[in-house]
Amino acid sequence: MVVAMNSTHSAVKAIVCDGCGRESPSEHLARRFERLEQATRYRPIHMQAVFLGALSPKDSGAYLYGGEKQFTGEAAALLRALQIEAAGRNPDAVLSEFQRKGFFLTHVLECALDGEPENFDLAQALKKKLPLTMRKLRTSLRSKRIIVISPAMNSAIADLSAGQTGGEVILDGGAAFDLDSAESTQRLLSRLQSL
């Protein structure tokens, strides 16, 4: 979290969230800390692969570590792609299996968008936040592999591939894997089985 000061350093101008790089109210920061706590609970000690998405989903069921009774959206798609059965299972058991495999999910923009921000440019926001994400991958997560899973990441692939991530960046033919495409998820599964 960064606190921006005015030129006289006497008054706080804005609080910038370290998860998304945007000026944020306290409610946003509270949600950020809650999600950090949820994800940290299932962080593997030895990471085999970090799945890297563009933007954390707003819906708690679509957020993998959201603790909902049912996985939806991105969370359900990732679990299906990895052939981790979620239907009828306790979310804790599903997430523990994901963790045991050495998998972790994170996003370049770790916070969901609050409402519909005016003039929000996802590609520009990713470019701005990517250097901090690469440092996190290299120094904190230290995964052997970074698997890019969001087509929205395609605008950042060149920077990600050229940067220092500390691990092998795995792509689907030069682009991000698309969890909504059966062909792309099959290539993802094949790639994981070959590692």
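The values are calculated or read from the model by the stated rules, or taken from the named source; none is laboratory data. Since this is a predicted model, take the numbers as computed values, not measurements. Every residue, glycine as well, gets a Cβ built from its backbone with ideal geometry; the counts of neighbours run over all protein chains shown.
Results, tabulated for the structure shown:
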{"read-out": "Condition check for Val50: of a type in the set (A, V, I, L, M) and modelled with pLDDT under 65", "value": "no"}
{"read-out": "Considering residues of the stretch 87-114 that are surrounded by fewer than 19 Cβ atoms within 10 Å (Cβ to Cβ) and among the aliphatic types (A, V, I, L, M) only, the residue nearest to Arg135 (Cα to Cα)", "value": "Leu113"}
{"read-out": "The listed residue being surrounded by fewer than 21 Cβ atoms within 10 Å (Cβ to Cβ), of a type outside the set (Gly, Ala, Ser) and on the phi > 0 side of the Ramachandran plot, out of Asn119, Asn154", "value": "Asn119"}
{"read-out": "Among the residues listed as Leu179, Leu188, the single one being surrounded by 15 or more Cβ atoms within 10 Å (Cβ to Cβ), among the aliphatic types (A, V, I, L, M), over 25 Å from Leu36 (Cβ atoms) and out of contact with any strand residue (DSSP E or B) (no Cβ under 6 Å at 6 or more places or on another chain)", "value": "Leu188"}
{"read-out": "Qualifying residue in the stretch 63-71 (condition: closer than 17 Å to His107 by Cβ, modelled with pLDDT of 80 or more and either more than 15 Å from the chain's Cα centre (by Cα) or part of a helix (DSSP H, G or I) (or both))", "value": "yes"}
{"read-out": "Residue list for the stretch 146-184, restricted to those being more than 17 Å from the chain's Cα centre (by Cα) and touching a residue at least 60 places away in the same chain (Cβ under 8 Å)", "value": "none"}
